[in-house]
Amino acid sequence: MRSPFDFALALGDDALVAAQRLGEWTSRAPEMEEDVALANIALDQLGAARLLLTYAGELEGAGRDEDALAYLRDDREFRNCLLVELPNGDFAVTMAKLLFLSAYQLPLYSALAGCADERLAAIGAKARKESAYHRDHAALWVRRLGDGTAESHRRMQAAVDQVWPYAHELFAPWPGAPVDPAGLRGDFDAYVGPVLAEATLTRPADGWAPAGGRDGVHTEHLSYLLAEMQVLHRAHPGATW
Amino acid sequence: MSGTDSTSPLWEVFVRARRGLAHTHVGSLHAPDAELALRNARDLYTRRQEGVSIWVVPAAAITASSPDEKDAFFDPAADKVYRHPTFYDVPDGVAHL
Amino acid sequence: MYGNDFSAPEDAPGGGLLGEVAAAEAALRAAATRQRGGGPGPDADLEAYFADVIDADQKIEPRDWMPEAYRKTLIRQIAQHAHSEIIGMQPEGNWISRAPSLKRKAILLAKVQDEAGHGLYLYAAAETLGVSRDELVQLLLDGRQKYSSIFNYPTLSWADVGVIGWLVDGAAIVNQVPLCRCSYGPYARAMIRVCKEESFHQRQGYEILHTLAHGTLEQKAMAQDAVDRWWYPSLAMFGPPDGDSTHSARSMAWKIKRFSNDELRQRFVDMCVQQAEILGLTLPDPDLRWNEQCQAYDFTEPDYAELMRVISGEGPCNRQRMEHRRRAHAEGAWVRVAAAAYAAKRSTAREAVAA
């Protein structure tokens with residue numbers, strides 16, 4: 001059975017793994033201004049992750065804080081969606097991932113802002129403003145790359161095609177959760193559809209829908225991501241940083 | 001801005017730091033169009049504060065008398081406290097930090 | 001972050017650093033209110049007017065007449081400073097993915113992001129002198145302009161992140177604070193902004209080291225090892241000794257710089273000794289001791305031959321840093337071209353509508 005702890009953990013893991021991937025862009029962005037922008041988004045995701053993981057730890061009541069949850073769980077214990085753990089790829093893939101993630105997080109956090117759980121409501125209220133910014137940023141770039149040059153169009157379409165299947169997992173029903181993600185698909189489609197159209201991109205057909213992240217069954221990529229993220233913390237058990 | 005880099009235009013950035021103040025020139029940046037210029041300006045010049053209003057103006061659209069004037073600095077804002085030096089614990093007695 | 005090693009020296013006081021930045025800002029504003037008239041009269045001698053402005057501790061602004069050598073000196077110095085900020089993202093960026101707590105990860109990410117921002121402020125300041133950022137970036141990528149050689153050393157442990165904040169940023173601040181009073185207005189203003197933001201960098205570094213030095217034995221050893229490796233390269237950031245320096249009286253006269261390399265280095269050493277004691281870490285110099293007569297510390301000079309080797313490209317990471325920057329630039333080209341193409345399409349479409 002999934003508990004409120006699982007829900008907070010899932011959202012926190014989404015944000016944490018997204019932040020870890022975005023942080024990999026540092027000093028590698030296509031333009032220096034974009035380096036600053038990607039770092040801002042990574043910082044927002046990391047900030048949300050810390051709030052959510054801290055709250056998850058309190059819900060669990062076993063004394064685990066944000067760092068215990070981030071650094072001392074193995075990949076099978078992570079509950080993030082597969083989308084966020086996919087490698088960054090080129091800038092088009094990163095923007096496709098960000099568009100889909102933020103087009104899910106924005107309605108999710110907005111709904112959370114009105115939920116009965118006061119802590120989650122407060123986190124949602126803060127994070128939704130940031131998500132709106134992330135979604136705008138991703139859409140801005142998807143339009144430019146889709147309707148830019150022949151090469152950028154090709155890359156952007158390939159990125160959307162590659163990442164699209166992973167969007168479905170975001171909206172898997174979660175009965176009893178403070179917000180059931182199944183109810184957010186409409187918002188997602190209503191936003192993403194027109195962005196793809198304006199970008200002269202083709203919305204991929206629905207079909208293959210990889211999933212498993214919410215149950216701790218991930219892609220091969222997550223274990224590597226965690227190995228890097230956790231290496232130092234785990235090398236010094238009990239140390240303070 | 002490709003391999004041989006056709007420069008993207010220069011934009012001048014003006015920020016209203018707080019309600020009641022006029023927009024003030026804070027610097028410049030490069031962006032291919034106004035929408036990106038506005039987003040870049042938000043990221044670059046308001047990293048330490050929220051709730052400001054930003055204008056971006058193509059530098060080429062400005063007619064200047066001489067000499068040119070550029071100025072202004074932000075007061076730090078509250079959200080990301082770790083950006084501010086007072087966030088850090090400095091042991092008693094440490095000087096020059 | 002900024003060192004002095006790649007060209008001539010700079011100015012710099014120490015102590016109460018934020019206070020000095022604030023004082024520089026106040027002086028800048030005071031100078032602005034003292035300003036007479038709008039500029040030289042139609043028959044004025046431009047060179048004499050320029051000299052008067054400098055003598056009066058007022059700022060030269062972009063459209064003012066200035067000697068060509070003043071312009072060139074500033075372009076080179078500001079550009080190299082900007083390049084240092086951009087290349088300086090790499091050694092610390094190396095630890096973002098492995099930062100040992102989420103709080104430290106957030107702080108480090110914000111710090112490295114600030115460096116990108118500082119690079120952009122500085123490129124913008126250089127551009128007011130009539131050179132484009134693309135030209136300057138190309139000079140960096142072609143290896144025709146330098147960046148601070150300190151970034152050619154590797155960050156081998158988490159403690160290096162702390163030491164970069166404490167020693168490298170500390171040395172940079174000693175260099176930068178006097179630049180807040182530089183005679184060229186856009187550079188002075190950029191430096192005030194940079195210094196205000198960088199004060200958090202040094203403190204976060206010191207806090208990291210303090211935590212390590214008071215942590216487990218392994219953590220303390222990690223901290224000491226990092227101090228051992230970075231101490232002399234940090235001293236070398238102030239450039240060659242005054243006797244060997246190309247440090248020009250002209251830049252002093254122009255108020256682009258105010259202190260010699262050795263003066264700045266001494267100031268830095270004097271600051272660090274007490275800070276190291278509080279950390280409980282040892283500066284790796286057996287000859288470091290207080291000189292009552294000089295009211296300053298005697299210390300061992302860094303190996304300037306090593307500095308010259310690193311500047312000439314034979315540091316541990318020169319090739320890696322440049323490779324990284326070139327690759328990012330090349331791999332981003334298609335994105336920049338696409339954004340330009342999109343903007344061109346839109347403006348054509350708007351013109352079509354208008355017509």
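The values are calculated or read from the model by the stated rules, or taken from the named source; none is laboratory data. Just so it is clear, the structure is predicted and the values come from calculations on it, not from any experiment. Backbone-built Cβ (ideal geometry, glycine too); neighbour counts: all protein chains shown. Surface accessibility is based on the protein's heavy atoms, side chains included, excluding ligands, DNA and RNA. Shrake-Rupley method; radii C 1.70, N 1.55, O 1.52, S 1.80 Å.
List the pairs whose first member sits in region A:226-241 and is closer than 17 Å to A:Gly63 by Cβ and at the interface with chain C (Cβ under 7 Å from one of its Cβ atoms), whose second member is β-branched (Val, Ile, Thr) and crowded, with 16+ Cβ neighbours inside 10 Å, and whose Cβ atoms are under 8 Å apart, counting only residues at least 6 apart or on separate chains?
A:Thr240/C:Thr211
Residues to consider are A:Val195, A:Val179; find the one that is open to solvent by less than 20 Å² (accessible area, probe 1.4 Å) and part of a loop (DSSP other than H, G, I, E, B).
A:Val179
Does A:Ala56 meet the test of being assigned to a helix (DSSP H, G or I), more than 8 Å from chain C (Cβ to nearest Cβ) and within 21 Å of B:Arg47 (Cβ to Cβ)?
no
Filter region B:7-33 down to the residues that are outside any strand (DSSP E or B), within 9 Å of chain C (Cβ to nearest Cβ) and at pLDDT 90 or above and list them by number.
B:Pro9, B:Ala31, B:Pro32, B:Asp33 - these are the residues of region B:7-33 that are outside any strand (DSSP E or B), within 9 Å of chain C (Cβ to nearest Cβ) and at pLDDT 90 or above.
Looking at region A:120-133 only, could you name the residues that are crowded, with 24+ Cβ neighbours inside 10 Å and either under 21 Å from A:Val163 (Cβ atoms) or touching a strand residue (DSSP E or B) at 6+ places or on another chain (Cβ under 9 Å) (or both)?
Hit for region A:120-133 is A:Ser131, nothing else.
Spot the failing condition for C:Pro233; the list is (1) closer than 19 Å to C:Gln275 by Cα; (2) in contact (Cβ under 8 Å) with a residue 40 or more places away in the chain; (3) touching a Phe, Trp or Tyr at 6+ places or on another chain (Cβ under 6 Å); (4) within 14 Å of another protein chain (Cβ to nearest Cβ), and only one is missed.
(4)
For residues that are open to solvent by less than 60 Å² (accessible area, probe 1.4 Å) and away from chain C (no Cβ under 14 Å), tally how many sit in region A:198-221.
So the count comes out to 10.
Where in region C:48-157 are there helices (runs of 4 or more DSSP H), lying wholly inside it, with at least 1 residues that are within 14 Å of chain A (Cβ to nearest Cβ) and aromatic (Phe, Trp, Tyr)?
Because the criterion is at least 1 residues that are within 14 Å of chain A (Cβ to nearest Cβ) and aromatic (Phe, Trp, Tyr), the helices (runs of 4 or more DSSP H) in region C:48-157 that meet it are C:102-127.
Would you point out which residue out of C:Tyr147, C:Tyr123 is over 30 Å from B:Ala60 (Cα atoms) and either modelled with pLDDT of 95 or more or more than 19 Å from the chain's Cα centre (by Cα) (or both)?
Unique residue meeting the criteria: C:Tyr147.
Table: residues versus (1) within 14 Å of chain B (Cβ to nearest Cβ); (2) under 19 Å from C:Ala171 (Cβ atoms); (3) surrounded by fewer than 23 Cβ atoms within 10 Å (Cβ to Cβ); (4) modelled with pLDDT of 95 or more.
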| site | (1), (2), (3), (4) |
| --- | --- |
| C:Ile208 | yes, yes, no, yes |
| C:Thr216 | no, no, yes, yes |
| C:Met237 | no, yes, no, yes |
| C:Asp242 | no, yes, yes, no |
| C:Trp254 | no, no, yes, no |
| C:Arg265 | no, yes, no, yes |
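Would you confirm, using the coordinates I've provided, whether C:Pro178 is open to solvent by less than 10 Å² (accessible area, probe 1.4 Å) and either of a type in the set (S, T, N, Q) or within 12 Å of chain A (Cβ to nearest Cβ) (or both)?
No; evaluated as a whole, the condition is false for this residue.
Looking at the structure I just gave you, is C:Met222 assigned to a helix (DSSP H, G or I), away from chain B (no Cβ under 14 Å), aliphatic (A, V, I, L, M) and surrounded by fewer than 21 Cβ atoms within 10 Å (Cβ to Cβ)?
Considered against the rule, which asks whether it is assigned to a helix (DSSP H, G or I), away from chain B (no Cβ under 14 Å), aliphatic (A, V, I, L, M) and surrounded by fewer than 21 Cβ atoms within 10 Å (Cβ to Cβ), C:Met222 comes out as no.
When you scan region A:65-148 for helices (runs of 4 or more DSSP H) that lie fully inside it, which ones turn up with 3 or more residues that are away from chain C (no Cβ under 13 Å) and touching a residue at least 40 places away in the same chain (Cβ under 8 Å)?
Filter on region A:65-148 gives A:82-85, A:91-113, A:118-146.
Identify, from the list C:Ala82, C:Ala69, C:Ala56, the residue that is under 26 Å from C:Leu28 (Cα atoms) and within 18 Å of the chain's Cα centre (by Cα).
C:Ala82
Quick one: which residue in C:Ser148, C:Ser157, C:Ser132 is assigned by TED's automatic domain parsing to the domain that holds C:Cys182 and either touching a Cys at 6+ places or on another chain (Cβ under 8 Å) or under 21 Å from B:Asn40 (Cα atoms) (or both)?
The conditions single out C:Ser132.
Quick check on region C:317-332: of everything there that is within 11 Å of chain A (Cβ to nearest Cβ) and buried (at least 16 other Cβ atoms within 10 Å of the Cβ), which residue is farthest from C:Gln90 (Cα to Cα)?
Of everything passing the filter in region C:317-332, C:Gly332 is farthest from C:Gln90 (Cα to Cα).
Just to verify a result, which residue in region B:39-66, among those that are within 29 Å of C:Phe200 (Cα to Cα) and surrounded by fewer than 17 Cβ atoms within 10 Å (Cβ to Cβ), is modelled with the lowest pLDDT?
So the residue we want is B:Glu50.
Within region A:15-35, is even one residue more than 30 Å from C:Leu120 (Cα to Cα) and open to solvent by 10 Å² or more (accessible area, probe 1.4 Å)?
Looking for residues that are more than 30 Å from C:Leu120 (Cα to Cα) and open to solvent by 10 Å² or more (accessible area, probe 1.4 Å), one finds none in region A:15-35, hence no.
For region A:71-92, indicate whether the set of residues that are on the phi > 0 side of the Ramachandran plot and either small (Gly, Ala, Ser) or open to solvent by less than 10 Å² (accessible area, probe 1.4 Å) (or both) is non-empty.
yes
Inside region C:268-285, can you point out the residues that are outside any loop (DSSP other than H, G, I, E, B) and in contact with a helix residue (DSSP H, G or I) (Cβ under 6 Å, 6 or more places away or on another chain)?
C:Phe268, C:Leu279
State yes or no: is A:Val160 buried (at least 17 other Cβ atoms within 10 Å of the Cβ), out of contact with any strand residue (DSSP E or B) (no Cβ under 7 Å at 6 or more places or on another chain), within 18 Å of A:Phe100 (Cβ to Cβ) and within 14 Å of chain C (Cβ to nearest Cβ)?
Considered against the rule, which asks whether it is buried (at least 17 other Cβ atoms within 10 Å of the Cβ), out of contact with any strand residue (DSSP E or B) (no Cβ under 7 Å at 6 or more places or on another chain), within 18 Å of A:Phe100 (Cβ to Cβ) and within 14 Å of chain C (Cβ to nearest Cβ), A:Val160 comes out as no.
Going by the conditions given, is C:Val163 more than 9 Å from every other protein chain (Cβ to nearest Cβ) and in contact with a Phe, Trp or Tyr (Cβ under 7 Å, 6 or more places away or on another chain)?
yes
Any residue at all in region C:182-204 that is on the phi > 0 side of the Ramachandran plot and either at pLDDT 90 or above or open to solvent by less than 10 Å² (accessible area, probe 1.4 Å) (or both)?
no
Answer yes if at least one residue in region A:139-147 is farther than 18 Å from A:Ser102 by Cβ and loosely packed, with under 15 Cβ neighbours inside 10 Å, and no otherwise.
Among the residues of region A:139-147, not one is farther than 18 Å from A:Ser102 by Cβ and loosely packed, with under 15 Cβ neighbours inside 10 Å, which makes the answer no.
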